[in-house]
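Quick one: the structure is below, and I'll ask about it shortly.
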Amino acid sequence: LVYLGVAHGLAAGDGTRLVIDIGGGSTELILGEGLEAGERESLFMGCVSMTRRFFANGNISQSAMDQAVLAGRVEIRPVRWQFSRDRWSSVVGSSGTIKAIEKVAVANGWSDAGITKAALKKIRRAVVSVSHIDELSLDGLSDDRRPVFAGGVAVLSAVFKALEIKHMQVSELALREGLLYE
């Protein structure tokens, strides 16, 4: 349903796309073409679970971020070959976490649209430059997204690194719209 929502929000394109949706407790990876979803996996890592595990009580450090990204890469490892770079021609992200990361990237001038590898790296550096999430003040970051932002950045960083993503489009449509189209 996530794929269906995202696919309806995009112009028809050639080739296979990888859709990534980061939720609170899981991350969905979906390969598809046109309106048809193909391979899909649900990974047990989300913005809330990653924040609770590695950034408890809002404390942030470079070490915690490194451990969180490594844990995410370990979670992806068993399915990495299914979603390897040679299996898709474009990447689209959906969800509040990915939309929040894009807003920060664009608001700070690190990306014109979508999320680039370089912009994500700058966001990760900005997150670890503070010792507590309450100190995190980034243009484009809303107060309601701030508590789970570090975990979301770690999850997306792990996905970008494991799957060698250089640029991700961001969809405004996702699960809710997929339900409507279904």
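The values are calculated or read from the model by the stated rules, or taken from the named source; none is laboratory data. The shown structure was predicted, so the numbers you read here are calculated from the model rather than taken from an experiment. Neighbour counts are summed over all protein chains in view; Cβ atoms, including those assigned to glycine, are modelled from backbone coordinates with ideal geometry. SASA here: full protein model, heavy atoms, side chains in, ligands and nucleic acids out. Shrake-Rupley method; radii C 1.70, N 1.55, O 1.52, S 1.80 Å.
Could you look through segment 67-98, keep only residues that are among the small types (Gly, Ala, Ser) and more than 20 Å from Gly24 (Cβ to Cβ), and pick out the one that is most open to solvent (accessible area, probe 1.4 Å)?
Out of the qualifying residues, it is Ser89.
Also, quick follow-up: Go through segment 100-141 and give me each residue that's open to solvent by 50 Å² or more (accessible area, probe 1.4 Å) and under 21 Å from Gly24 (Cβ atoms).
We begin by selecting, within segment 100-141, every residue open to solvent by 50 Å² or more (accessible area, probe 1.4 Å); these are 103, 106-107, 109-110, 112-113, 117-118, 121-122, 125, 129, 131, 134-135, 137, 139.
Listed by number, the residues that qualify are Lys103, Asp134.
For the structure I just gave you, tell me whether Glu182 is exposed (fewer than 12 other Cβ atoms within 10 Å of the Cβ), modelled with pLDDT of 95 or more and not polar (S, T, N, Q).
Spelling it out, it is not the case that Glu182 is exposed (fewer than 12 other Cβ atoms within 10 Å of the Cβ), modelled with pLDDT of 95 or more and not polar (S, T, N, Q).
This table checks each residue for (1) among the charged types (D, E, K, R); (2) at pLDDT 95 or above; (3) over 14 Å from the mean Cα position of the chain (by Cα).
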| position | (1), (2), (3) |
| --- | --- |
| Met50 | no, yes, no |
| Leu70 | no, yes, yes |
| Ile76 | no, yes, no |
| Ser95 | no, no, no |
| Glu102 | yes, yes, no |
| Ala105 | no, yes, no |
| Trp110 | no, yes, yes |
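For Leu138, which of the numbered conditions (1) farther than 19 Å from Gly93 by Cα; (2) in contact (Cβ under 8 Å) with a residue 40 or more places away in the chain; (3) of a type in the set (A, V, I, L, M, F, W, C) fails to hold?
(2)
So, Lys166, is that one within 13 Å of the chain's Cα centre (by Cα), closer than 30 Å to Trp81 by Cβ, surrounded by fewer than 15 Cβ atoms within 10 Å (Cβ to Cβ) and touching a residue at least 40 places away in the same chain (Cβ under 8 Å) or not?
Considered against the rule, which asks whether it is within 13 Å of the chain's Cα centre (by Cα), closer than 30 Å to Trp81 by Cβ, surrounded by fewer than 15 Cβ atoms within 10 Å (Cβ to Cβ) and touching a residue at least 40 places away in the same chain (Cβ under 8 Å), Lys166 comes out as yes.
Can you pull out the strands (runs of 3 or more DSSP E) entirely within segment 10-101 that have at least 2 residues that are free of Cβ contacts under 8 Å to residues at least 24 places away in the same chain?
36-43
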